[in-house]
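Asker: Before I ask anything, here is the structure I am working with.
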Amino acid sequence: MEVNGETVSRDVEPRLLLAHFLRDVLGLTGTHVGCDTSQCGACTVIQNGKAVKSCTRLAVQSAGTRITTIEGLEEGGQLHPIQSAFKNFHALQCGFCTPGMVMAVWQLLQRHPVPTLDQTKHGLEGNICRCTGYVNIFKAVDSLGMSNTRGSETL
Amino acid sequence: MYPARFDYIRPTTIDEVLDALSTREDCKLLAGGHSLLPLMKHRLASPECLIDLQDVPALKGISIDDDEIHVGAFTCHVEVETSAELERVCPLLARTASRIGDPQVRNCGTIGGSLVHADPAADYPAAILLLEAEFVCVGRGGVRRIPARDWFLEMMTTAIQSDEVLTHVCIRRRTIPAGAVYLKWPHPASGLAMVGVAASITLDEERRIQDARLAVTGLAEMPFRAYALEQWLVGAVCDNVPEFPDDGFTGISIIEEALMTASQRLDLCKIMIRKAMMASIADQSPQIVD
């Protein structure tokens, strides 16, 4: 498996979830386990360019794929534009949903570089936030759309 | 939460899949995993072996010829949702797929996995019943093509045998009705269909119903075609459809749950059917003529 650009190889039990592989075996604890029932999206990572809920994948299922976690977004110590937008628009409070939300926004912008509010809401249906009431998240996404390709050119 | 221990294999051909099914005890086929893995994490299912189908190319892809649409069982919902060809020839299927779960779920979940799992609140079954699709099941004994009306046997039980694999869902193009829509009343928490209705209504010149197809998911233990109601609707003036007869819904085991009683759910279903009928009439587009 390639994780954040690095090839990794481990022996694991088939029943090890991808989320636990990333967190407990690789020590990448940015990916969070929230509901553990495939609803909240806090565990969202990118696999071969698509957002997936890592609590509902076996690590062995994802063998041979290319995974990007929240840790893989920053470049040379600089926040990714999505992370900057979340910071600037106060789109997080406790931060628990945030890694998954950011990865879902990454996918949203892949599909809709300048998303409408409806497209944003639809694109983030798989992510639950209990703090922000979503409004600032939508503002952050809107700002990324307004800055046009900046959201996607580094991806 | 995590599942009980199991063995895991990844065959690459249908033959290898069938071999595994016939030689190993207590195995389950794994497609997208978004129905099976949650069950296994709750320990509601603990198969001894998982057969991962993701490397079997014969199960993948959408192909469309003059007569039929073939959707490989391991086709993810997002592929069905975004297929331009499918949107052109069978928009009902593509649009139903877009209502399933959420973007992450649609990236993993598959049409085959969903239809074999047969959750009573799943979305595809309504479209599949309306489209009168057929299920291609392959076993050591040969290939069976099972019509949709014979697919759902009991709650979460389908006609597939334990030593078979679903390879394709097929839709005959000439039976695709015009103006077919899928309307869903989602559960506010889970997003599953509390009631989901697929409808296709055709009218004559005097706006009387000439033909009606109605398929319902979510309401009952199994999805169903409302055949009695379809018959009853023929001849009704579409702008003035009377109240549905009570016997339109006999024999249906309505699921009772926390948000609504069975009686309330039936009322919701009737409302959704009317809305779906109106949406179908509004959506009518010219028949595709090749």
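Asker: At 7 Å along the Cα-to-beta-carbon direction for both residue B:8 and residue B:190, put a label point, then send me their distance in nm to one decimal.
Answerer: The two pseudo-label positions are separated by 2.6 nm.
Asker: Find how many whole Å separate the alpha carbon centroid of region B:209-224 from the alpha carbon centroid of region B:1-64.
Answerer: After rounding, the separation between the Cα centres reads 31 Å.
Asker: If you bin every alpha carbon distance in region A:47-155 into 5 Å steps from zero, what whole percent lands in each bin?
Answerer: For region A:47-155, the pair-distance distribution reads 2, 12, 24, 25, 20, 11, 5, 1.
Asker: Order of A:9, B:263 from fewest to most other C-beta atoms within 10 Å?
Answerer: Numbers: A:9 6, B:263 10.
Going from sparsest to densest Cβ surroundings: A:9, B:263.
Asker: Under the √(5λ) rule applied to the eigenvalues of the Cα gyration tensor, what semi-axes describe the equivalent ellipsoid of region B:28-114? Give them in Å, descending. Walk me through the numbers on the way to the answer.
Answerer: Working: eigenvalues 136, 45, 14 Å².
Result for region B:28-114: semi-axes of 26, 15, 8 Å.
Asker: Hey, fewest Cβ within 10 Å first, where do B:19, B:123, B:204 land in order? All intermediate terms of the calculation are to be shown ahead of the outcome.
Answerer: Details: B:19 15, B:123 28, B:204 11.
Placing the least packed residue first, the sequence is B:204, B:19, B:123.
Asker: To make sure I understand, if each residue's beta carbon is the centre and we count other beta carbons within 10 Å, what order do A:103, A:146, B:278 fall in, fewest to most?
Answerer: So the residues, fewest neighbours to most, are A:146, B:278, A:103.
Asker: Still on this structure, I have one more. Can you give me the long-range amide H partners of residue B:30? Hydrogens built in the peptide plane at 1.01 Å from N, cutoff under 5 Å, separation of 5 or more residues or another chain.
Answerer: Hits under the 5 Å cutoff: B:51, B:52, B:53.
Asker: Okay, moving on. Could you give me the ³J(HN,Hα) list for region B:222-233, computed from phi with Karplus coefficients 6.51, -1.76, 1.60 and θ = phi - 60°, whole Hz, x at Gly and Pro?
Answerer: 9, x, 8, 8, 8, 4, 4, 5, 4, 5, 4, 6
Asker: How large is log10 of I(q)/I(0) for region B:138-226 at q = 0.12, 0.13, 0.19, 0.24 Å⁻¹ when the intensity is taken from the Debye formula with one equal scatterer per alpha-carbon?
Answerer: -0.53, -0.62, -1.06, -1.23
Asker: Work out from phi, with θ = phi - 60° and the Karplus expression 6.51 cos²θ - 1.76 cosθ + 1.60, the ³J(HN,Hα) of each residue of region B:245-257, listed in order in whole Hz, and give x for Gly and Pro.
Answerer: So the Karplus estimates, Gly and Pro as x, are x, 4, 7, x, 10, 6, x, 9, 8, 6, 6, 9, 8 Hz.
Asker: Further question: Can you list the residues, at least 5 places off or on another chain, whose amide H is less than 5 Å from the amide H of residue B:195, using H built in the peptide plane?
Answerer: HN-HN under 5 Å from residue B:195: B:185.
Asker: Net charge near residue B:150, counting Lys/Arg +1 and Asp/Glu -1 over other residues with Cβ under 14 Å of its Cβ?
Answerer: Charge balance near residue B:150 sits at +1.
Asker: Over 38 Å apart: what share of the alpha carbon pairs of the protein assembly as shown falls there, rounded to a whole percent?
Answerer: For the protein assembly as shown, the share of Cα pairs beyond 38 Å comes to 26 percent.
Asker: Then there's this: Hydropathy at least 0.0 by Kyte-Doolittle, axial extent at least 24 angstrom from the Cα trace: which helices of chain B, defined as entire DSSP H runs, fit? Intermediate results must be reported in sequence, preceding the final value.
Answerer: Values: long enough: B:262-283 (30 Å, 0.35).
Membrane-span-like by this rule: B:262-283.
Asker: Pop out the ³J(HN,Hα) list for region B:51-66 in order, Karplus 6.51 cos²θ - 1.76 cosθ + 1.60 with θ = phi - 60°, rounded to Hz; leave Gly and Pro as x.
Answerer: Those phi angles translate into 9, 7, 8, 5, 9, 9, x, 5, 8, 10, x, 10, 10, 10, 10, 5 Hz.
Asker: How about region B:61-145: which trypsin sites (Lys or Arg not before Pro) there are in a DSSP loop, with at most 14 other Cβ atoms within 10 Å of their Cβ? Intermediate results must be reported in sequence, preceding the final value.
Answerer: Details: sites: B:88, B:95, B:99, B:106, B:140, B:144, B:145; in loops: B:99, B:140.
Here the sparse-neighbourhood loop sites are B:140.
Asker: Would you calculate the separation in nanometres between label points at residue B:23 and residue B:145, each defined as 7 Å from the Cα along the Cα-to-beta-carbon direction?
Answerer: 3.2
Asker: Something else about it: Go ahead and estimate [θ] at 222 nm for chain A from helices alone: -39,500 (n - 2.57) per DSSP H run with n ≥ 4, summed, over the residue count, rounded to 500. Present the calculation step by step, with values, prior to reporting the outcome.
Answerer: Values: 5 runs with 45 residues, N = 155.
Taken over chain A, the calculation gives -8000 deg cm²/dmol.
Asker: What GluC sites (Glu not before Pro) does region B:1-82 have in DSSP loop regions with at most 14 other beta carbons within 10 Å?
Answerer: On the way: sites: B:16, B:25, B:48, B:68, B:79, B:81; in loops: B:25, B:48.
Those satisfying the criteria are B:25, B:48.
Asker: Also: What are the residues whose amide H is under 5 Å from the amide H of residue B:7, where those residues sit 5 or more places off or on another chain and H is modelled from the backbone?
Answerer: The answer is B:49, B:50.
Asker: Could you tell me the relative contact order of chain B? Use alpha-carbon pairs under 8 Å, at least six residues apart, and round to a whole percent. Before the final figure, lay out the partial values.
Answerer: Numbers: 612 pairs, mean separation 43.0, N = 290.
Value for chain B: 15 percent.
Asker: Roughly speaking, what is the centre-to-centre gap between region A:72-126 and region A:5-41 when only Cα atoms are used, to the nearest Å?
Answerer: Their Cα centres are 20 Å away from one another.
Any read-out appearing in this document is the output of simple, stated calculations on the displayed coordinates, not a laboratory observation. Keep in mind it's a predicted model, so treat the numbers as computed, not measured. Cβ coordinates were reconstructed from backbone atoms using ideal geometry, including for glycine residues, and neighbour counts include every protein chain displayed.
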